[in-house]
Amino acid sequence: MTHPNDLYVGETAKFQFLFEGQPAVGAKLAFVKGNTRYRNEQNQIDLVTDNQGFVDITWPEAGMYLLEAEYQDDKAKAPATSRRGGYNATFAVLPE
């Protein structure tokens, strides 16, 4: 898995997402490049984790990226019927 300080444009980074120590299968991820808030196209990158909670992303441009991750499943303990979790992070992607 890729260390967050080793992110370079054009290279593929691999991350794993866990929820309560188990792979977060099917977590929905959105990567948004910085300085695109007031633009018509934010070029958001939407990804979903695999059956081990892994996701690969190839960075298209250098700059800051915001990650928003959402996870939900039906493995809750009674009386709850589902579990939800979220994660936010900011990454700096360096030029080649």
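With a/c under 1.5 counting as rounded, go ahead and sort the range 1-40 into rounded, prolate or oblate using the C-alpha gyration tensor (a ≥ b ≥ c being the square roots of the eigenvalues; past the cut-off, prolate if a/b is larger than b/c, else oblate). Judged from the Cα gyration tensor, the range 1-40 comes out oblate (a/c at least 1.5, b/c at or above a/b). From the Kirkwood radius over Cα pairs of the chain, Stokes-Einstein at 20 °C and 1.002 mPa s returns a whole-number translational diffusion coefficient of 149 µm²/s. Computed from point charges on the beta carbon alone (+1 for Lys and Arg, -1 for Asp and Glu), the dipole magnitude for the chain about its Cα centre is near 400 Debye. Sequence-distant contacts, meaning Cα pairs under 8 Å at least 6 residues apart, place the relative contact order of the chain at 33 percent. Consider a paramagnetic label point 7 Å from the Cα of Gln16 along Cα→Cβ; state which residues of the range 46-82 have an amide N under 14 Å from it. Answer for this model: 50-56. Here the Kirkwood formula, the inverse mean of 1/r across different C-alpha pairs, assigns the range 16-65 a hydrodynamic radius of 12.1 Å. If R0 is 41 Å, the Cβ-Cβ spacing of Lys75 and Val9 corresponds to a FRET efficiency of close to 0.60. Amide H contacts under 5 Å for Val93: Gly63, Met64, Tyr65, restricted to partners 5 or more places along the chain or on a different chain, H placed in the peptide plane at 1.01 Å from N.
Restriction of the trypsin sites (Lys or Arg not before Pro) in the range 1-69 to DSSP coil positions whose beta-carbon has at most 11 other beta-carbons within 10 angstrom yields Arg37, Arg39.
Charged neighbours of Gly34, selected by a Cβ distance under 15 Å, balance to 0 (K, R count +1; D, E count -1).
By the scheme Lys and Arg +1, Asp and Glu -1, what is the net charge of all other residues having a beta-carbon under 13 Å from that of Gly85? Residues near Gly85 contribute 0 overall. Among the chymotrypsin sites (Phe, Trp or Tyr not before Pro) in the chain, those placed in a DSSP loop whose Cβ has at most 12 other Cβ atoms within 10 Å are Tyr38.
Rule-based calculations on the coordinates, nothing more; no lab input. Everything numeric here is computed off the predicted structure, so don't read it as measured data. No Cβ is skipped: glycine too gets one built from the backbone with ideal geometry, and neighbour counts run over all protein chains shown.
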